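Student: Take this structure, written in structure tokens, and hold onto it; I'll ask about it next.
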Amino acid sequence: MQPENLELVEKGQKPQDENNDGNYSPQFSNKAIRAGFIRKVFGLVFIMLCIAAAATVVPIVHTPTRDIILKHWLIPVGVFIISLVTYFSLLCCEGFRRKFPINLIVAGIFVRIRLEVPLITSFFQTLVTSLFLMVISAHLRPNVNVLLLELVICIGCTLSIIVFALQTKLELTTRVAYIFIIFACFVMFGIVFFVWPMFFTIKLLTLIIALVAALFMMIYLFYGIQLVMGGKRYEEITPEDYIFAAVEIFLTAVLRIAENEKQTDWKSMWICIFLQFVVGVQISVYYMSMWPYLSGLDKTADFDFLGWVVAACSIGCTISNPLYGYWNQKTRSVKWPVITGFLIAAVGQAWYGLLGMFDNVKWMMLLARFLTGLGVGNITALRIYAAMASTPEDRMRAISFGTGGLILGFSFGPVISAVFTPLGEAGVRIGGFVLNMYTVVAYLMVLVCIFACVIIYFFFNESYVGLVTKEEQEKEDVEVPKFDMPAALICIYLFMIVNMTATNIEVMSSPLTTVLYDWKDSDLIFYNGIALAISSGISVSFNIAQGATRLGKIDKRKQMLFGLTFFLLYQAFMFPWGFYSGPLNFLPEGVETTEAGGCYAEYLWCNHTTRVPLPIYFFCFIVFFGVAFPFVETPSPALFSEILGPRKQGTMQGLFSVGGSLAPLIASITSTVIFKYYGYRYVIVLQASFLIFAILLILLFYKRLVPLEVIKKSNTDSTIVSETQN
């Protein structure tokens, strides 16, 4: 390092260097220093791997050694105890890892002892496991060749990295290094592929498993290097601490030590996002096919009753939302509420598919949708997890992706119905079951629910990194104050409005296009399904942008104002202005909607109502709806979570979800009644009134719609720390 840079580092300032790109801690600002550091660290890792290979081979090739270990049980027990003591010494005592020569001694003991541990597993009739083989459990009895091959490939890769660092002029801490690592792994794989079979019998699958394991190991090792040099793991580390860095990376990569800093478990978060997608599909899959299915099975069902059928799902959600929230509040469990919900939803979907076997079809359909609503009320538990299992820095991303999954599910549901329209209403009869364009979708939803249960049971891990417990409050000397209730209620209202508007747009699309454009049942399902799919694609694109780009950093209040404005534009363009063409056509007498479209005879308002041009309808449905929805649906739950702060949110999130469930309930009942007796112009007026009131609330309470500030105490004064920064 240059003298002037050394002086800056001693003063705690960042050195200036032409090779520095701002991604590294001051001590690693020089590219040559980074290359030398990598050589030293991987040199030590190379030695560790060689010891690992040697220790692993001994009990394999030397039978007496293996017999002694199997015969004397005190040997593995003693090895385990010494290993455990050494492990916690390295993990908990940072100074212990830094002092010379203790760091080398402990590192040597740790490597040697940990490599004896695989011998313990031979006591349980497995061949050998290793530090570097994390993906294969002992009870699976992996072939020892996998371990040895992985060690050989890793040794070759580390050696190639050392040689590469000695002569290259390329930057070793960018994507170039990862490309080189992948290339080195495949080169070593090729060498082993041709050389190893000359001496040992081995299966191709074993070689592939070893390659994949080694590849993951090397990438994880280099990722650890980047964290160290970027100052993201230990701020005070210096290039002279290469021994400490090697031990730290060895511990992290091989033993997967959890860092002290809380991090979002993105594997489980992505499962949560997928499950929200499943919930959206379960709710919306029949939005456009429900009326044709109901009217075809039960001639006594009218459009008023359709409103109650649509509302039944919302009623079920409204009842179950607080129950799932209370369940989570008391048990801090997400897995079992979600599994229970999907099982209940599966029963409801199966009931829906069997409606043709009942007499009172309309009441059975209402019951089926009610059961489904009781099940998908588990969205509350999923929202709680997205809010409480993400760090403040990741919360907007987690919630936006979750909302994107839900939106994609909402829009993908009708698309599924549209895909099965070629089956027709007659379908195929197998025994007592009818497989047509309606029932096949229902049976498919049952399978989807079961699949979701399997996914969450076997692959989901609950981790609440966004929750500040009482113990953490005492330890960190912080206090979580009461939240602003009016601000929280405004967020609930905003969430209600966006869901009410979205439900009106989606549910009313079928009867609206029937009367406006004379579409028959199959046409409205197909064309509206396509429009909704495109609209949802736009919405999901914005959701991804909110989570992955600077778009998500924009003030949430401004995002919601933007989204509400676009919803208002939708209402303005869809209003039946006098300069549109009209009046509307009536359905010919004796003709069903399966054959043609038009207004029913009792729709007297069709005589004086104009027709919104079809291009405007598609533009509003696709563009205005697609853009508006994510800019209100995503920021409102994120802001609500921030207003509540880092506390248990089960009950309040349950109330939040109740608001989201009540909105479709109110919308489906009121809109269908108003549509039948007064026309859709008054549905537009009602929606616009709610939207204008929502905009006024944001403007009036603008300064109160902010994240909760956590009080950080001290002996001399008290400071306020924003929850998004705590």
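Each value in this text was obtained by applying a stated rule to the coordinates, not by laboratory testing. Since we're looking at a predicted model, the values are computed, not measured. FYI the Cβ positions are ideal-geometry reconstructions off the backbone, even for glycines, and counts take in every protein chain you see.
Student: Over region 266-711, what is the relative contact order in whole percent, taking alpha-carbon pairs under 8 Å and six or more residues apart?
Tutor: Working: 800 pairs, mean separation 116.7, N = 446.
Computed value for region 266-711: 26 percent relative contact order.
Student: Please give the contour-minus-distance gain from PHE458 to GLU425: 0.36 nm per residue of separation, less the Cα-Cα distance, rounded to one decimal in nm. Before the final figure, lay out the partial values.
Tutor: Working: separation 33, 0.36 × 33 = 11.88 nm, distance 3.83 nm.
Full-extension gain reported as 8.1 nm.
Student: Just going by the charge dipole of region 266-711, with Lys and Arg at +1 and Asp and Glu at -1 on Cβ, which of LEU489, VAL683, LEU355 is farthest out on the positive end?
Tutor: Farthest along the dipole direction, towards plus: LEU489.
Student: For the residues THR514, THR670, THR380, what sequence is obtained by ranking on other C-beta atoms within 10 Å, fewest first?
Tutor: Details: THR514 23, THR670 17, THR380 32.
Listing THR514, THR670, THR380 from fewest to most nearby Cβ atoms yields THR670, THR514, THR380.
Student: Kindly put ASP265, ASP359 in sequence by how many other C-beta atoms sit within 10 Å of each C-beta, fewest to most.
Tutor: Values: ASP265 19, ASP359 7.
Ranked by crowding around the Cβ, least crowded first: ASP359, ASP265.
Student: Taking the Cα of ASP304, stepping 7 Å toward and past its beta carbon, and measuring to each backbone N in region 681-696: which are under 20 Å?
Tutor: Inside the label zone: 681-683.
Student: For an R0 of 60 angstrom, estimate the FRET efficiency from the Cβ-Cβ distance between GLU393 and ASP523 and round to the nearest 0.05.
Tutor: Details: r = 48 Å, r/R0 = 0.79.
Between GLU393 and ASP523 the formula returns 0.80.
Student: Most exposed first by the Cβ proxy, i.e. fewest other Cβ within 10 Å, how do LYS520, LYS267 rank?
Tutor: Values: LYS520 18, LYS267 12.
Ranking LYS520, LYS267 by Cβ neighbours within 10 Å, fewest first, gives LYS267, LYS520.
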